[in-house]
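S.K.: Please read through the structure below; I'll follow up with questions.
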Amino acid sequence: MRNPSHIPFAVLRSFLSGLGFTEREGNGSSIIFEHEPSETVLFFRIYQPREKVDQTDLVVVRKFLDEKG
């Protein structure tokens, strides 16, 4: 069961882009954000821009950003 946050995917996308992440499509069922300087790669299911991001995905993003600085 998904537990959506109040943050739309478009906001998360913009935030990661502002941090220098590049976006690409995965295998057709995922979106990949990569930050080469920190060797960070984040995988997401395909979200619509207005769709709320799952809490689990936000926890993963925070964990990686905290660990990688």
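The values are calculated or read from the model by the stated rules, or taken from the named source; none is laboratory data. Predicted model only: the values in this text are computed from it and were never measured. Note: ideal-geometry Cβ built from the backbone for every residue, glycine included; neighbour counts use all protein chains shown. Heads up: the accessible areas ignore ligands, DNA and RNA and are worked out on the full protein's heavy atoms, side chains in. Shrake-Rupley method; radii C 1.70, N 1.55, O 1.52, S 1.80 Å.
S.K.: For the range 36-58, give me each residue that is open to solvent by less than 40 Å² (accessible area, probe 1.4 Å), more than 24 Å from GLY69 (Cα to Cα) and of a type outside the set (Ser, Thr, Tyr).
M.R.: Result: no residue meets the conditions.
S.K.: Now for a separate question. Right, PHE33: hydrophobic (A, V, I, L, M, F, W, C), open to solvent by 40 Å² or more (accessible area, probe 1.4 Å), in contact (Cβ under 8 Å) with a residue 12 or more places away in the chain and outside any helix (DSSP H, G or I) or not?
M.R.: No.
S.K.: Can you say whether ARG13 is surrounded by 16 or more Cβ atoms within 10 Å (Cβ to Cβ) and either free of Cβ contacts under 8 Å to residues at least 40 places away in the same chain or part of a loop (DSSP other than H, G, I, E, B) (or both), as far as the supplied structure shows?
M.R.: Yes; evaluated as a whole, the condition is true for this residue.
S.K.: Kindly list, by first and then second residue, each pair from a residue in the range 42-61 that is free of Cβ contacts under 8 Å to residues at least 60 places away in the same chain to a residue that is assigned to a loop (DSSP other than H, G, I, E, B) and exposed (fewer than 13 other Cβ atoms within 10 Å of the Cβ), limited to pairs with Cβ atoms under 6 Å and residues at least 6 apart or on different chains.
M.R.: ASP54/ARG2; GLN55/ASN3
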